[in-house]
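Worksheet: one structure, shown below.
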Amino acid sequence: MQAQGQAGGYLPTGRTVFKYTSDLDRNNAPASPTDGGGSYGTFKYTIYDPPAGHPVYNKPLPDSTWVNNSYVSFWSDLLHRPAGVDYGDQITKDYGNPATAVVHMFHSGLWGGWQYQVAGQSVGDKSLQFSHGGYQEARGSGITTNHFFVENVLEELDVPGEWFYDPVASLLYVYPNTTDGAVGKEVVAPLLSAVVRVEGAADIEFSGFTVTETRATYLDQYEVPSGGDWSVHRGASFEIVDSHHVVVSNMTFEQIGGNGVLLSNNVSEASVVACEFVQVGDSAVVSVGSSEGFIGVQRTYPRNNIIHANHMHEIGVYGKQTSCYFQALGEGTQLTDNLCYNGPRAGINWNDGFAGGSTVSGNLAFNMVRETGDHGPYNSWDRQPYLTVSGVVDGFSAADKYGYANASILKAHDVITKNFFINGYNGVWTIDHDDGSQYFNDTGNFMVFGGCKNYLGNHKSCDHNVIIHPGIASRATGNRRCQTDDNKVFQNQYHDNNHCVTVDGQFYTMDITNCTAAAIDPHVYQTFNNTLYSNGSAFSNGPCATLAQWQAAGQDRESKVLPLPSNLDIIAMGKSVLGFTD
């Protein structure tokens, strides 16, 4: 039941335009006007705030513990969940036993989906009442009108290929998808959600077999592991827990009821290589650690693992807040050379910054965000800083850090490089750094139909990328351009050495009201040495009507605007930035 020009100048003679930037910090901004070079602003979403003077957050740490469950949001508010659904004229049948039914639905924000077990039906009110559920995503949102469907109720068994299970009578009803009415030779009923579990082991390899037809887990326990919008089921068809150097290679995960592979807690130097994930209920691969509130110094998180050369597609069959790869509380991941497409939400999702030190490289992601809103091929959050053993010197004393002298409140840089990201459907950006994301280098990527986003957080660089036609309504939502900066306070955010193509000459999405150096803070907006392309070499950015005005305000020094390149020239730019040769 379904409710509702010419090429010019992109390879200047004698210059190497596209290169991997080794200057990870890129901290050459003017000195901060705040005391001690500290924060330009305080990020409001934190529960546990770090010491005063942190580059992003600017409050002392309170002595409290993390409320980690699926009933309280990251802001410690009770999540707003509906008690039922008004179906109006979209359901015309009276259900004899509505308690067997499950409702799949989206909340109004379209950031994810919920599943609910039904408790009853009110025919007069034309509504279904819920028993439990709604914990399959962590943000919550009020309900107005959105899509839903009902399954596993006898009266809706009306289409060939459908089935219904009656748990009271222990009967399975099947509507055969045949011409003679015969059921067929085999009916498979999944009983296990996990086929393989490796725990407390080392130096084991699994290769060359298929895992398929596992039980759906969307009504099992979910948890909120960190400060992003997502909750996750800490389980999968293949589970690796507290283990070292476990290799999963050349395997097929097909028709999986929940997650494909789980890396949980102290998993190190594991590899998931050359596997195919298809028709996966939730995410293909999930990596989830644990912490004691904001303290992440114990080795209870995945680190230095490799996810390489996998084919991930048709994911999120049930869960709509799911990805090809999801990470919460992890460090040093190498996510490389994977193919990711056809999913409901972001292709790759970082739920937090934690210790950082990860590399996302050589991946091709497209056809994502097909059923939800916001995001794009890559998304990150960093609402909560952690004390970790990231190895980054933070300048704070042990007393400032609850006695953890060797811990750091700063994460190491994450690097996103040499990826081919194609935005589409309901995605807004190809690389979405949301809500405090910090210490990222987005370098040398080929980005189509979407650009880079910075929303709060320091030390992010979008550089040496090729960005093609961001903001086209038929390919992305929100009209966001090559670089979005949704803030005015957080420092050291770079957009430089990029090649960006738009038809109308709008290259930036920034909250700027006056085109003057005094109004455009050089601590925040750092644009320079970009090559921009538009019809007739046009340029505009809010009140700055020309490139000359924008440069007079202190931005895009040594940048230029050229006529639109041809399609062949765009392909050449993409091949160059990705390092392809003929």
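Residues are listed down the side, and each one gets a yes or a no for (1) under 25 Å from GLY228 (Cα atoms); (2) part of a loop (DSSP other than H, G, I, E, B):
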{"residue": "ASP94", "(1), (2)": "no, yes"}
{"residue": "TRP111", "(1), (2)": "yes, yes"}
{"residue": "GLN115", "(1), (2)": "yes, no"}
{"residue": "GLN121", "(1), (2)": "no, no"}
{"residue": "GLY124", "(1), (2)": "no, yes"}
{"residue": "SER131", "(1), (2)": "no, no"}
{"residue": "TYR135", "(1), (2)": "yes, yes"}
{"residue": "ARG139", "(1), (2)": "yes, yes"}
VAL524: passes all of (1) closer than 24 Å to PHE420 by Cα; (2) β-branched (Val, Ile, Thr); (3) crowded, with 17+ Cβ neighbours inside 10 Å but (1)
Condition check: more than 21 Å from GLN321 (Cα to Cα), surrounded by fewer than 15 Cβ atoms within 10 Å (Cβ to Cβ) and among the small types (Gly, Ala, Ser). Does GLY120 satisfy that?
no
Please go through segment 505-552 and give me each residue that is within 22 Å of ILE472 (Cα to Cα), under 27 Å from the mean Cα position of the chain (by Cα) and not in a loop (DSSP other than H, G, I, E, B), ordered by number.
GLN506, TYR508, THR509, MET510
Go through the residues of segment 347-361 one by one and say whether even a single one is of a type in the set (D, E, K, R) and closer than 16 Å to ALA274 by Cβ.
no
Return a yes/no flag: does segment 161-177 have any residue that is of a type in the set (Asp, Glu) and either surrounded by 14 or more Cβ atoms within 10 Å (Cβ to Cβ) or under 25 Å from TYR95 (Cα atoms) (or both).
yes
Lone qualifier among SER141, SER127, SER73, SER108 - being over 27 Å from LEU191 (Cβ atoms) and modelled with pLDDT of 90 or more:
SER127
Filter segment 267-291 for residues that are acidic (Asp, Glu) and farther than 18 Å from LYS320 by Cα; which is least open to solvent (accessible area, probe 1.4 Å)?
GLU276
Can you find even one residue in segment 290-303 that is over 18 Å from SER237 (Cβ atoms) and within 18 Å of the chain's Cα centre (by Cα)?
no
Would you say SER287 is under 30 Å from ASP400 (Cβ atoms), modelled with pLDDT of 95 or more and under 18 Å from the mean Cα position of the chain (by Cα)?
yes
For ASN367, the lone unmet condition from (1) open to solvent by 10 Å² or more (accessible area, probe 1.4 Å); (2) among the polar types (S, T, N, Q); (3) farther than 25 Å from ARG480 by Cα is (3)
Looking only at residues that are surrounded by fewer than 24 Cβ atoms within 10 Å (Cβ to Cβ) and hydrophobic (A, V, I, L, M, F, W, C) in segment 295-307, which one is farthest from ASP352 (Cα to Cα)?
ILE306
Which of the residues spanning segment 88-109 are touching a Ser or Thr at 6+ places or on another chain (Cβ under 9 Å) and buried (at least 19 other Cβ atoms within 10 Å of the Cβ)?
PHE106, HIS107
Restricting attention to segment 385-422, report how many residues are part of a loop (DSSP other than H, G, I, E, B), farther than 30 Å from THR477 by Cβ, touching a helix residue (DSSP H, G or I) at 6+ places or on another chain (Cβ under 9 Å) and open to solvent by less than 10 Å² (accessible area, probe 1.4 Å).
2
Filter segment 308-351 for residues that are open to solvent by 20 Å² or more (accessible area, probe 1.4 Å) and of a type in the set (Phe, Trp, Tyr); which is farthest from GLY109 (Cα to Cα)?
TYR341
Exactly one of CYS462, CYS515, CYS452 is of a type outside the set (Phe, Trp, Tyr), in contact with a helix residue (DSSP H, G or I) (Cβ under 8 Å, 6 or more places away or on another chain) and at pLDDT 90 or above, and that one is CYS515
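The values are calculated or read from the model by the stated rules, or taken from the named source; none is laboratory data. Note that this is a predicted model, so its numbers are computed, not measured. As a convention, Cβ positions derive from the backbone with ideal geometry for all residues, glycine included, and neighbour counts pool all protein chains shown. Note: areas computed on protein heavy atoms with side chains; ligands, DNA, RNA excluded. Shrake-Rupley method; radii C 1.70, N 1.55, O 1.52, S 1.80 Å.
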